[in-house]
Protein chains: 2
Amino acid sequence: MHASTSGSAGISTRGDLAVVLLSGGLDSATLLAIARQEGYVCHALSFDYGQTHSAELAAARRVAAHCDVRHRILTIPIGSLGGSALTDPSIPVPDQGGEGIPVTYVPARNTVFLALALAWAEVLKARAVFIGVNALDYSGYPDCRPEFVAAFQELANLATRQAVEGAPVEIHAPLVNMTKAEIIKRGTELGVDYSNTVSCYRADSAGRACARCDACRFRAQGFSQAGVMDPTHYRA
Amino acid sequence: MHASTSGSAGISTRGDLAVVLLSGGLDSATLLAIARQEGYVCHALSFDYGQTHSAELAAARRVAAHCDVRHRILTIPIGSLGGSALTDPSIPVPDQGGEGIPVTYVPARNTVFLALALAWAEVLKARAVFIGVNALDYSGYPDCRPEFVAAFQELANLATRQAVEGAPVEIHAPLVNMTKAEIIKRGTELGVDYSNTVSCYRADSAGRACARCDACRFRAQGFSQAGVMDPTHYRA
């Protein structure tokens, strides 16, 4: 895993390809800007997985278009497996997550996302996969921890043709130890237009946020702490 | 990873659930029989991933029905990513694979399959995932090696709610070090009806085999070495 945004292992030879997981939220928009700034030719990858907050896919399209990068949206059936408030309308998203792993956790989601990103990276002969996991603000998600990303790197070191040939895909998680405010500051320096992004778990079809769920609260707090104007569209 | 079929770690408490990856081939039909014999309540999982040899999904349905187990087929988009003779009709399946990783290798396929099996296992609160990888006959596939399965176990130990709660899903690969003949002997003891299975990479829509591709040759050799009558349906 390459968690640093500045270490030499994270610097690409200009023109190397990267697959960047793009949800349409604040974190992944910043991630894409970081990967581009490091010199990668980025291929953005989003998933239609039955998320009830489908406004995030529209946001992902806006972010990719704004950066003029190739963007694929793959439809995957993890929502049909159930087990999460983000994919099952009968499980309400609470205002606050409370103790332990939140009901918004989607079983094995980042494992599935990274597996498919690895597959595309292998086909593209890409050097890296970027994932915008963040351990600080969402410490309840098991698959957002640095040790999870490191374990996926170990798997990628064995899983593919590229690995056997001595050049496994590198898994980059540059946001993993950043606070929300640090992410927003970095993205702002890199010219990210956060008005294109949607973080709310209960966003309406126009992408307007509820202002009350965990994702909204972390986001608003991040803008406030970063001293950056919050461009979020809230419902009246 | 639990590669043994008899070690204590592999013995379930009767009634534990398992997700069993079922391709419709000889190996996974044997795998399902082994998991059932170990006392697991099995949930079979197959993937429609754009494989050109779709007869294997019909075979998977027959195998699951024969064992009277729950069976899900998930449609996943790895075929659309390209890069394999098994998903791209413009890349012919050769009679023999030759040196190195065969063109029938599908990029990161087993990583994706295991990720989705892990997701379903988590939703079901299953104890184990069974995968029928085999390192001996298909040594060219990077994601059929024991070290790959062990790395996925390390990932599963971190990835899920179950893992955080101290009971990560166990990844079982009981066939990994068995020869094809050993697999056939074991399945025959367990009552597997191999006439339901299809191994051929170029099977026609009725499931009849070509007799010439690597998969057909390994299968025929296996029956011959096991001294078991080969029930494969070949094209005239």
Given label points at 7 Å from Cα along Cα→Cβ, what nm distances, shortest first, separate A:Q96 from the same residue in every other copy? 7.0
Enumerate by residue number the GluC sites (Glu not before Pro) in the range A:32-116 meeting two conditions: DSSP loop (anything except H, G, I, E, B), and at most 16 other Cβ atoms within 10 Å of the site's Cβ. A:E99
If we hang a label 7 Å off Cα along the beta carbon direction at A:A211, how far is it from the matching labels on the other copies, in nm, shortest first? 7.5
Taking other Cβ within 10 Å of each residue's Cβ, how do A:H233, B:H43 sort, fewest first? A:H233, B:H43
Quick check on the range A:27-91: take the gyration tensor over C-alpha atoms, sort the square-rooted eigenvalues as a ≥ b ≥ c, and tell me if it's rounded (a/c under 1.5), prolate or oblate. prolate
Taking Cα atoms, how many degrees apart are the long axis of helix A:180-189 and the longest axis of chain A, rounded to 10 and kept between 0 and 90? 70
Over chain B, with a Gaussian network built from C-alpha contacts below 10 Å, which listed residue (B:L17, B:L45, B:L74) shows the highest mean-square fluctuation? B:L74
Exposure proxy check on B:L124, B:L118, B:L81: fewest-to-most Cβ neighbours within 10 Å is B:L124, B:L81, B:L118
Taking Cα atoms only, helix A:109-124 is inclined relative to the longest principal axis of chain A by an angle, in degrees rounded to 10, of 40
For the axis mapping B onto A, the chain B residue whose beta carbon sits nearest, plus its rounded distance in angstrom, comes out as B:A115, 2
Per DSSP, loop GluC sites (Glu not before Pro) in the range A:117-194 with at most 15 further Cβ within 10 Å: A:E165
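Averaged across the residues of B:121-134, what count of C-beta atoms belonging to other chains lies within 10 Å of each residue's C-beta? Can you show the working numbers first?
Details: counts 3, 8, 9, 4, 1, 0, 0, 0, 0, 0, 0, 0, 0, 0.
Neighbouring Cβ atoms belonging to other protein chains average 2 per residue here.
Note the per residue figure in Å³ for the convex hull of the C-alpha positions in the range A:82-187.
Value for the range A:82-187: 124 Å³ per residue.
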Rounded to 10°, Cα long-axis angle of helix A:214-226 versus longest principal axis of chain A: 80
Hey, what D do you get for the protein assembly as shown in µm²/s if you plug the Kirkwood alpha-carbon radius into Stokes-Einstein at 10 °C and 1.306 mPa s? 69
Summarise the long-distance tail of P(r) for the range A:49-134 by giving the % of C-alpha pairs beyond 17 Å. 59
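Can you give the Rg to Rh ratio of chain A, both from alpha-carbon atoms, with Rh computed by the Kirkwood formula?
0.94
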Whole-Å semi-axes of the ellipsoid equivalent to the range A:115-236 (Cα gyration tensor, √5λ, descending): 32, 15, 14
Positive minus negative residues near B:T160 (Lys, Arg vs Asp, Glu; Cβ under 11 Å): 0
For chain B, modelled as a Gaussian network with Cα springs under 10 Å, which listed residue fluctuates most, B:Q96, B:Q162, B:Q51? B:Q96
With one decimal in nm and the nearest listed first, the spacings from A:A236 to its own position in the other copies, using label points 7 Å along Cα-to-Cβ, are 7.5
Going by how many other Cβ atoms sit within 10 Å of their own, how do B:S199, B:S90, B:S224 line up, fewest first? B:S90, B:S224, B:S199
So what's the back-of-envelope 222 nm ellipticity for chain A, counting only DSSP H runs of four-plus at -39500 (n - 2.57) apiece and dividing by all residues, rounded to 500? -11000 deg cm²/dmol
Send over the Kirkwood Rh of the range B:179-236, from the inverse of the averaged 1/r over different Cα pairs, rounded to one decimal Å. 11.4
Please get the size of the charge dipole for the range B:59-160, origin at its Cα centre, with Cβ charges of +1 on Lys and Arg and -1 on Asp and Glu, quoted in debye to the nearest 20. 560
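Values quoted throughout were computed directly from the atomic coordinates according to the rules given, and no laboratory measurement underlies them. Since the structure is predicted, the reported quantities are computational estimates derived from the model, not experimental observations. Counting neighbours? That spans all protein chains shown, and the Cβs are built from the backbone with ideal geometry, glycine included.
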